[in-house]
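The values are calculated or read from the model by the stated rules, or taken from the named source; none is laboratory data. Everything numeric here is computed off the predicted structure, so don't read it as measured data. Note that each Cβ is placed from the backbone with ideal geometry, even for glycine, and that neighbours are counted across all protein chains shown.
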Amino acid sequence: MHLSFSFISAVGICLITALLVPCSHAFSATNNNIMTARPFRIRTITSFITIDPSDFDNEASSLKEKITACSRLLRDGESQMTSAGFEVQTIRIATNPFGEWLVTNKENVDERLKRFNKLLSDCDINFCSLGPSYDPEHTTTICPEIVSIAPGRFSCSANINAGDITAALAAAKCIKTISLKDEGEHLQGGLGNFRFAAASCIDTVPFFPGARAPKGLGKDTIAFAVGLENGGFARELLQEAGSIENVQKVFHDKMRKELLPIQQICVGLEIDNSMQYLGIDTSLNPSLDDGGSVAEAIECLDEVGVFGNPGTMAAAAAVTTSLQSIPGVKTTGYSGLMLPVLEDRRLAELDTLSIQKLLCISSVCGVGIDTVPIPGDVSERSLASLILDVAALACRWNKPLSCRVFPVPSRLAGMATSFDSPYMCNSSIFPV
């Protein structure tokens, strides 16, 4: 058999190319081009479903169908985004408020949670938000039960309206109750509050624990949204901007370029699977990697210096305005500046921050008071007052904010935390 010179040359070139291309690069399944590394990760693809009490009839056959359909569509999205070069960290499901389907018969709460947990496990879904509580009694009794179920798959929240003291006190009691639970690694040392928050004005947010299905989502409809992890990319963009006056141009140009491929995949999923695409939560979201701090990225701007000093609020406002107005990108959720103290190494090491300073910055961005360690002996009244402050800010400006704090048993303000979690670092405990 005779092979042409051109064929042999082509094979040789392919073999040489294969040897020279690093293993971290792969060939795209869609366009056969060598993919370049993406500058950020996809933290979550979150699907949203509406559950009805009848879904638990006939051995939960309808619920099984919904979870299976969600899993299939999420895996499809994960596969396509991975093929496009994006690292997808998690896939998640969020439901309508659990009071609409879980507690219609209080005797069945434990059974329904166990059945739901088993279905999620069978589909390898490790994160599921059961939406917010609208009933203070549910907040104090059902929410601690939800977050306590091993292995820590479930999250939930409590909806707080401005001035609703009863709801705020119930949320504070729930937080204190959860902090004292220690039956399992997912609860020890107050870790259970990683999966609970008091939240206001939350809708179409893909991040947990505040995620909930959009109001009015049909019972047979699956919606979805995407959340990012992009602290390193934020640093790159803000270094390039140098000044607040350049933030919008840099963000619009660079983020648009990186987000459009994700949006293209999402639109395709929407068309091919009759899903409802809600958008991308474009929030700057830190990682624990070196250079992954959002606070450190903000410090790259000339007007800031040290995060929390004068200029920080102006920078946060400029970044948030830019993130919410990226041309051609459908945004959803917070789409602001995430400042979770125990998930951002720079925030964790700053000794000049206070809860009030973080809340003040949140007035022009998001997400609220997030993963802040507080004394284990904090009173429910003080905690409720903090929750009311967050709710007042959220409702006054109609913006999604949440309060996720960790009372640490046997620890006082100024003492160090000692969490052993892959999702968090440690810091000094904040006074309330």
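Out of the residues in region 351-387 meeting the condition of being under 17 Å from A416 (Cα atoms) and acidic (D, E), tell me which one is farthest from the chain's Cα centre (by Cα).
Checking each candidate, the answer is D377.
Determine if region 235-247 includes at least one residue that is surrounded by fewer than 15 Cβ atoms within 10 Å (Cβ to Cβ) and at pLDDT below 95.
Scanning region 235-247, I find no residue that is surrounded by fewer than 15 Cβ atoms within 10 Å (Cβ to Cβ) and at pLDDT below 95, so the answer is no.
So, in region 229-254, of the ones that are outside any strand (DSSP E or B) and under 19 Å from the mean Cα position of the chain (by Cα), which residue ends up nearest to F98 (Cα to Cα)?
For region 229-254, the residue satisfying everything is N230.
Determine whether region 327-350 contains at least one residue that is more than 17 Å from the chain's Cα centre (by Cα), at pLDDT below 95 and outside any helix (DSSP H, G or I).
no
Could you please find all residues in region 312-326 being under 11 Å from T282 (Cβ atoms) and part of a helix (DSSP H, G or I)?
V319, T320, S322, L323
Can you name every residue in region 189-228 that is part of a helix (DSSP H, G or I) and either free of Cβ contacts under 8 Å to residues at least 60 places away in the same chain or of a type in the set (A, V, I, L, M, F, W, C) (or both)? Talk me through it step by step, then tell me what you get.
Here is the first cut: in region 189-228, the ones part of a helix (DSSP H, G or I) are 189-195.
Matches in region 189-228: L191, G192, F194, R195.
Can we say I160 is farther than 26 Å from V267 by Cβ, modelled with pLDDT of 95 or more, surrounded by 19 or more Cβ atoms within 10 Å (Cβ to Cβ) and out of contact with any Leu (no Cβ under 7 Å at 6 or more places or on another chain)? Before the answer, list the steps.
Values: farther than 26 Å from V267 by Cβ: yes; modelled with pLDDT of 95 or more: yes; surrounded by 19 or more Cβ atoms within 10 Å (Cβ to Cβ): yes; out of contact with any Leu (no Cβ under 7 Å at 6 or more places or on another chain): yes.
The answer is yes for I160.
Does region 383-424 hold any residues that are closer than 18 Å to H186 by Cβ and not polar (S, T, N, Q), and which are they? Walk me through it before giving the result.
First, the residues of region 383-424 that are closer than 18 Å to H186 by Cβ: 404-409, 417-424.
R404, V405, F406, P407, V408, P409, F419, D420, P422, Y423, M424 - these are the residues of region 383-424 that are closer than 18 Å to H186 by Cβ and not polar (S, T, N, Q).
Can you tell me which residue is surrounded by the fewest Cβ atoms within 10 Å (Cβ to Cβ) among those in region 319-351 that are of a type in the set (G, A, S) and farther than 22 Å from C201 by Cβ?
Per the criteria, the residue is G328.
Given the criterion more than 19 Å from I51 (Cα to Cα), in contact (Cβ under 8 Å) with a residue 12 or more places away in the chain, outside any helix (DSSP H, G or I) and of a type outside the set (D, E), identify the matching residue among G184, G131.
Criteria check complete, one pass: G184.
Evaluate the following for D302: is it out of contact with any Leu (no Cβ under 7 Å at 6 or more places or on another chain), without any contact (Cβ under 8 Å) to a residue 12 or more places away in the chain and in a loop (DSSP other than H, G, I, E, B)? Step through it out loud before you land on a result.
Working: out of contact with any Leu (no Cβ under 7 Å at 6 or more places or on another chain): yes; without any contact (Cβ under 8 Å) to a residue 12 or more places away in the chain: no; in a loop (DSSP other than H, G, I, E, B): yes.
When the stated conditions are applied, D302 does not pass them.
From S179, S129, which residue is surrounded by 19 or more Cβ atoms within 10 Å (Cβ to Cβ) and farther than 20 Å from F56 by Cα?
S179
So which residues in region 259-298 are among the acidic types (D, E), crowded, with 20+ Cβ neighbours inside 10 Å and farther than 14 Å from I45 by Cβ, if there are any at all? Give the steps one after another, and end with the answer.
First, the residues of region 259-298 that are among the acidic types (D, E): 270, 272, 281, 289-290, 296.
Cutting the leftovers down to crowded, with 20+ Cβ neighbours inside 10 Å gives us 281, 296.
Answer for region 259-298, where residues must be among the acidic types (D, E), crowded, with 20+ Cβ neighbours inside 10 Å and farther than 14 Å from I45 by Cβ: just E296.
I need the full set of residues from region 280-320 which are over 27 Å from A211 (Cα atoms) and of a type in the set (S, T, Y), in order please.
T312 - this is the single residue of region 280-320 that is over 27 Å from A211 (Cα atoms) and of a type in the set (S, T, Y).
Being surrounded by fewer than 17 Cβ atoms within 10 Å (Cβ to Cβ) and touching a strand residue (DSSP E or B) at 6+ places or on another chain (Cβ under 8 Å) is the filter; apply it to region 380-419 and report the residue that is farthest from L180 (Cα to Cα).
Here the answer is G414.
So, in region 355-411, how many residues would count as being aliphatic (A, V, I, L, M) and in a helix (DSSP H, G or I)?
Selection size over region 355-411: 14.
Filter region 203-221 down to the residues that are in contact with a helix residue (DSSP H, G or I) (Cβ under 9 Å, 6 or more places away or on another chain) and surrounded by fewer than 23 Cβ atoms within 10 Å (Cβ to Cβ) and list them by number.
K219, D220
Please enumerate the residues belonging to region 86-112 that are part of a loop (DSSP other than H, G, I, E, B) and either surrounded by fewer than 17 Cβ atoms within 10 Å (Cβ to Cβ) or aliphatic (A, V, I, L, M) (or both). Steps first, please.
Restricting attention to region 86-112, the residues satisfying the condition of being part of a loop (DSSP other than H, G, I, E, B) are 86-87, 96-97, 101-105.
Matches in region 86-112: E87, L102, V103, T104, N105.
If you scan region 280-299, which residues turn out to be touching a residue at least 12 places away in the same chain (Cβ under 8 Å), part of a loop (DSSP other than H, G, I, E, B) and at negative phi?
T282, S283, N285, P286, S287, L288, D289, G292, S293, E299, listed by residue number.
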